[in-house]
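J.: This is the structure I want to talk about, given as structure tokens.
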């Protein structure tokens, strides 16, 4: 007698989200993932893999097919730096490879997008060894009339390198017991994080606010077992900083002078990547891996006070998604899209409907804020957002938002009226002006803030 068996396959999920979906590079270990925001010829995601070099994916394409571009070795870190002006605008891509017989010891290359005619090797000045590899970059973009701003790198030891005239110099040297895991930069500062593992171990952060000329050492008071693996600051903020450790996420609102109680504590998780929504500084994504190298992703909508776990639409027990190595986020068609590189199960993306800051939250803050325009560079229309708080009186403020050329001549007045406390957005149409760099400025009472934007036709 034949016996028929009914096999039931069960897919386990927890806090399911249909918005987290596979995005190609199946089975690959992605060590670094970045976004090229340059509009011309098209915005791109770029992924550095463990065994197959670099892949590109156009952001305007919805399929999950990546194009293999360069190298066949292991990419340990990527960095993108926007340079140039007008028609000469480019994005410089830095790639660090793991040492091998083909590319040599501690190899670093760069190329310029969209030219990409060749990759130039720039490893002069780096300490060379078969085990030494650059694991993190940071730096600043710059436009044509400005002097070049530096790029920094670390090889996971006690040294921060700075690139000058295509030669790496040592900008900061710690003790032999120091291990640096990550570099991060915003408009005003560059940060490094790791651990000092001497007789008594200590979490360490290092900060420079003058392009690496001077460094300040910070020891957040969180015990002897923690090391820093990720750092992020909200857009336009020089004081607030979040850091991801092995076991928790911590936050400072005064540039590292003091630290809040841990925001999210998970003892078996290392938080390798932190990303903030560029249009909502309260929305933070924290990605990492468990001790068993499984996928961990959390989202906060309130600056880290509360957290929601994000899981795949399905996760078969026999094929779990590996841990997160790297993440990068951007805005695509009014949605926030988070690109995720895992430690052996390819790329994923998380799509979130654009959530702007709630007016009640802004009214309860004590700071005006002018946000970076988006997109940037642009042709011909861009969006400029700003917030007007007034905790004490809830009264309207006299607000001016103007655009100037690089010589200081007024080009347009976008706002000139009383504004109630709240969050505002205005479009700027540059169809009648030439390509180039422009300044937009917000004046509200004693508050004055300016930012640069670029028209590219």
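J.: What single numbered condition from (1) closer than 19 Å to residue 32 by Cα; (2) surrounded by fewer than 20 Cβ atoms within 10 Å (Cβ to Cβ); (3) within 23 Å of the chain's Cα centre (by Cα) fails to hold for residue 79?
T.: Single failed check for residue 79: (2).
J.: With 213, 170, 207 as the choices, which residue is assigned to a loop (DSSP other than H, G, I, E, B) and assigned by TED's automatic domain parsing to the domain that holds residue 260?
T.: Only one candidate passes the filter, namely 213.
J.: Could you say whether any residue in region 120-132 is assigned by TED's automatic domain parsing to the domain that holds residue 55, closer than 18 Å to residue 32 by Cβ and not in a loop (DSSP other than H, G, I, E, B)?
T.: Among the residues of region 120-132, not one is assigned by TED's automatic domain parsing to the domain that holds residue 55, closer than 18 Å to residue 32 by Cβ and not in a loop (DSSP other than H, G, I, E, B), which makes the answer no.
J.: Starting from residues that are under 13 Å from residue 347 (Cβ atoms) and surrounded by 14 or more Cβ atoms within 10 Å (Cβ to Cβ), keep the ones in region 60-75 and report whichever is modelled with the lowest pLDDT.
T.: It comes out as 64.
J.: Next up: Kindly evaluate residue 38 against the criterion of being within 20 Å of the chain's Cα centre (by Cα), outside any strand (DSSP E or B), at pLDDT below 90 and buried (at least 17 other Cβ atoms within 10 Å of the Cβ).
T.: Spelling it out, residue 38 is indeed within 20 Å of the chain's Cα centre (by Cα), outside any strand (DSSP E or B), at pLDDT below 90 and buried (at least 17 other Cβ atoms within 10 Å of the Cβ).
J.: Have a look at 213, 207 and point out the one that is without any contact (Cβ under 8 Å) to a residue 24 or more places away in the chain and closer than 25 Å to residue 92 by Cβ.
T.: On inspection, the qualifying residue turns out to be 213.
J.: Another one. Please find, among 271, 294, the residue that is at pLDDT 90 or above and closer than 17 Å to residue 33 by Cα.
T.: None of the others qualify; the one that does is 271.
J.: Can you give me the number of residues within region 415-436 that are part of a strand (DSSP E or B), crowded, with 16+ Cβ neighbours inside 10 Å and modelled with pLDDT of 90 or more?
T.: Residues meeting the conditions: 2.
J.: Just to verify a result, which residue in region 90-118, among those that are at pLDDT 85 or above and under 12 Å from residue 73 (Cβ atoms), is farthest from the chain's Cα centre (by Cα)?
T.: Restricting to residues being at pLDDT 85 or above and under 12 Å from residue 73 (Cβ atoms), the top hit is 99.
J.: Condition test on residue 141, is it over 21 Å from residue 252 (Cβ atoms) and either in a strand (DSSP E or B) or touching a residue at least 12 places away in the same chain (Cβ under 8 Å) (or both)?
T.: It is true that residue 141 is over 21 Å from residue 252 (Cβ atoms) and either in a strand (DSSP E or B) or touching a residue at least 12 places away in the same chain (Cβ under 8 Å) (or both).
J.: How many of the residues making up region 216-250 are closer than 23 Å to residue 276 by Cβ and either part of a strand (DSSP E or B) or not assigned by TED's automatic domain parsing to the domain that holds residue 281 (or both)?
T.: Residues flagged as closer than 23 Å to residue 276 by Cβ and either part of a strand (DSSP E or B) or not assigned by TED's automatic domain parsing to the domain that holds residue 281 (or both) within region 216-250 amount to 17.
The values are calculated or read from the model by the stated rules, or taken from the named source; none is laboratory data. For clarity, every value in this text was computed on a predicted model and none was experimentally measured. Please note: Cβ atoms are built from the backbone with ideal geometry, for glycine as well, and neighbour counts cover all protein chains shown.
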